[in-house]
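Report on one structure; see the data block that follows.
The values are calculated or read from the model by the stated rules, or taken from the named source; none is laboratory data. Quick caveat: nothing in here was measured; it's all calculated off a predicted structure. For neighbour counting, all protein chains shown are included, and Cβ atoms are generated from backbone atoms with ideal geometry for every residue, glycine included. Areas reflect the complete protein model, heavy atoms only, side chains present, ligands, DNA and RNA absent. Shrake-Rupley method; radii C 1.70, N 1.55, O 1.52, S 1.80 Å.
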Amino acid sequence: MKDLLRRIIRQEIEKGSPLFDEIHDQKAENERLVMELNTGYHSPKEVLEALEEITGEPIDPSVTVSLPFYTDFGKHISFGKEIFLNQNVTFVDLGGIYLEDHVLIGPGARLLTVNHLTDPEKRRGIMVDSIRIKENAWIGANVTVLPGVTVGENAIVAADSTVTKDVPDNVIVAGTPARIIKEIN
């Protein structure tokens, strides 16, 4: 599956192309697994086992994910250690989402690696770019992180912010679009 990521990153993918169809076929396979994860009670161990099946990667037992958790693709998520995801987090991960160690993500946060093309004639097509959340970063409640963004080490993104560009290490950002409001010593 990681081969697909290498083929699509930062590419314009038009609707109806073979690559567009391949992406949607693989996405459909994941939908059942995500639905099963989010229906009924699952122990923390069962949640991690389901996430390993969804991502195709081993997940450290120190990771905590509160359900429901949503992902449209699943195979392009990388979890570090000691990560906490609160409930109702959504990952649109086709472009790759990389969470380093000790990351906190608040309830209702959305990490979106896919955007539609701006050309009206190609609007149904997509452009993808990865998101990186570096060590010890904290993404607040209801935050939206857009494609191509890196959130730096120890950074905090305040609740309800929209992150449209990279966030440096050791700062707090807030607003839409998110701007630096404080440095962390």
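Under a point spin-label approximation (7 Å from Cα along Cα-to-Cβ), what is the Asn142-Gln11 distance to one decimal in nm?
According to this spin-label approximation, the distance is 3.8 nm.
Give the accessible area for Glu135 in Å² (nearest 10); use a 1.4 Å probe, count only protein heavy atoms, and leave out ligands, DNA and RNA.
70 Å²
From the C-alpha gyration tensor of segment 1-57, pull out the three semi-axes of the equivalent ellipsoid (sqrt of 5λ each), sorted largest to smallest, in whole Å.
28, 13, 7
How big is the gap, in Å, between the Cα center of segment 71-138 and the Cα center of segment 139-185?
14 Å
When each pair of different Cα atoms in the chain is counted once in the 1/r mean, what is the Kirkwood radius in angstroms, to one decimal?
Numbers: mean 1/r = 0.0600 Å⁻¹.
This gives a value of 16.7 Å.
If you scale each eigenvalue of the Cα gyration tensor by 5 and take the root, what three semi-axes come out for segment 64-139, rounded to whole angstrom and sorted largest first?
So the three semi-axes of segment 64-139 are 25, 13, 10 Å.
Restricting everything to alpha-carbon atoms, can you work out Rg to Rh for segment 42-95 with a Kirkwood hydrodynamic radius?
With Rg and the Kirkwood Rh in hand, the quotient comes to 0.91.
Within segment 132-164, list the residues whose amide N lies under 14 Å from a label point set 7 Å along Cα→Cβ of Phe84.
Inside the label zone: 136-141.
Measuring from the lowest to the highest alpha carbon on each principal axis, how far does segment 115-167 reach, largest first, in angstroms?
41, 19, 12
With only alpha-carbon atoms counted, please give the Rg and Dmax of segment 78-185, in Å.
Final numbers for Rg and Dmax: 13.5, 48 Å.
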